[in-house]
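First up is the structure itself, then whatever we jot down about it.
The values are calculated or read from the model by the stated rules, or taken from the named source; none is laboratory data. Keep in mind the model is a prediction, meaning the values are calculated, not measured. Here the Cβ positions follow ideal geometry from the backbone for every residue, glycine too, while neighbour counts run over all protein chains shown. Note: accessible area is taken over every heavy atom of the protein model, side chains too, but ligands, DNA and RNA are not part of it. Shrake-Rupley method; radii C 1.70, N 1.55, O 1.52, S 1.80 Å.
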Amino acid sequence: MIVYACSGNSGKLREFTLAGDSEISLEVLPGLRGIGTPEEHGSTFEENAAAKALYYSQFTDQIVFADDSGFEVEALDGAPGVYSARYAGPHASDEENNRLVLERTEGCGDRRARFVCTIAMARAGKLLASVRGSVEGELLRMPRGQNGFGYDPLFFFPPLNRSFAELSAEEKFAVSHRGQAIRAMLTWLHGHPAVFG
């Protein structure tokens, strides 16, 4: 059984491939590069993930999934949140986004932060389900580590005493918001085999 991933983010796609499953194969939607991306107008991760999944479901008769994820910083009242990828502007780099978060939290004592990921599944214009993963940690005062992407260098994960950018891909996937969401998606799909019919 194939479920198509609908993301142009190479970092996310690499993480999706870590979700080994003997029955369900996660593959990139054929022709994805030639398909325009939908606008993200939602105020929540759930709304954006559902909008993307429904949009991409029109390009195949198979099940598709799309995720919306982001970084929430307590001292910024949950920002960047749904604007994580474009926090410093529409075409901002990871470094620019990270720099802006650090600038806006300089001197803040509350360093609580979390990563959130919602995955929505759809088929033929019908939303099937949404699942969510989240992981709590702390906002560092400077980037640490060379791995990962996005805000990983700023996210300190106390149980492993390292930033997400200091973890291997496998270590991060075992505890991350996206790893949780992918595993929850696979569990849901295994529990609803009729959706493949």
Are any residues in segment 100-152 under 20 Å from LEU13 (Cβ atoms) and assigned to a helix (DSSP H, G or I), and if so, which ones? ASP152
With the checklist (1) more than 17 Å from GLU15 (Cβ to Cβ); (2) surrounded by 18 or more Cβ atoms within 10 Å (Cβ to Cβ); (3) in contact (Cβ under 8 Å) with a residue 40 or more places away in the chain in hand, flag the one item PHE155 doesn't pass. (1)
When you scan segment 46-55, do you find a residue that is within 17 Å of the chain's Cα centre (by Cα) and of a type in the set (Phe, Trp, Tyr), even just one? no
Which of the residues spanning segment 10-26 are touching a residue at least 12 places away in the same chain (Cβ under 8 Å) and either touching a Phe, Trp or Tyr at 6+ places or on another chain (Cβ under 6 Å) or closer than 18 Å to GLN180 by Cα (or both)? GLY11, LYS12, LEU13, ARG14, GLU15, PHE16, LEU18, ALA19, ASP21, ILE24, SER25, LEU26
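Against the condition in contact (Cβ under 8 Å) with a residue 12 or more places away in the chain, open to solvent by 50 Å² or more (accessible area, probe 1.4 Å) and either among the polar types (S, T, N, Q) or in a helix (DSSP H, G or I) (or both), how does SER43 come out, does it pass? Please lay out each step first, then the result.
Details: in contact (Cβ under 8 Å) with a residue 12 or more places away in the chain: yes; open to solvent by 50 Å² or more (accessible area, probe 1.4 Å): yes; either among the polar types (S, T, N, Q) or in a helix (DSSP H, G or I) (or both): yes.
Yes; evaluated as a whole, the condition is true for this residue.
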Conditions (1) in contact with an Asp or Glu (Cβ under 8 Å, 6 or more places away or on another chain); (2) closer than 30 Å to ALA194 by Cβ; number of the one not met by GLY81: (2)
For segment 46-75, name all the residues that are touching a helix residue (DSSP H, G or I) at 6+ places or on another chain (Cβ under 6 Å) and open to solvent by 30 Å² or more (accessible area, probe 1.4 Å). GLU72
(1) out of contact with any Gly (no Cβ under 8 Å at 6 or more places or on another chain); (2) buried (at least 16 other Cβ atoms within 10 Å of the Cβ); (3) not acidic (Asp, Glu): which one isn't true of PRO30, the others all being true? (2)
With the requirement that a residue be open to solvent by 40 Å² or more (accessible area, probe 1.4 Å) and either within 17 Å of MET121 (Cβ to Cβ) or among the hydroxyl-bearing types (Ser, Thr, Tyr) (or both), what does segment 158-195 give you? SER168, GLN180, ARG183, THR187, TRP188, HIS190, GLY191, HIS192, PRO193, ALA194
If you check every pair at least six apart or on different chains, which have Cβ atoms under 6 Å apart with a residue in segment 171-197 that is within 17 Å of GLU27 (Cα to Cα) and basic (Lys, Arg) first and a residue that is open to solvent by less than 40 Å² (accessible area, probe 1.4 Å) and modelled with pLDDT of 95 or more second? ARG178/CYS117
I'd like the full set of residues that are small (Gly, Ala, Ser), within 22 Å of GLY150 (Cα to Cα) and modelled with pLDDT of 90 or more, limited to segment 12-49. GLY42, SER43, ALA49
Looking at segment 126-139, can you tell me whether even one residue there is among the acidic types (Asp, Glu), closer than 30 Å to GLY42 by Cβ, free of Cβ contacts under 8 Å to residues at least 60 places away in the same chain and surrounded by fewer than 22 Cβ atoms within 10 Å (Cβ to Cβ)? yes
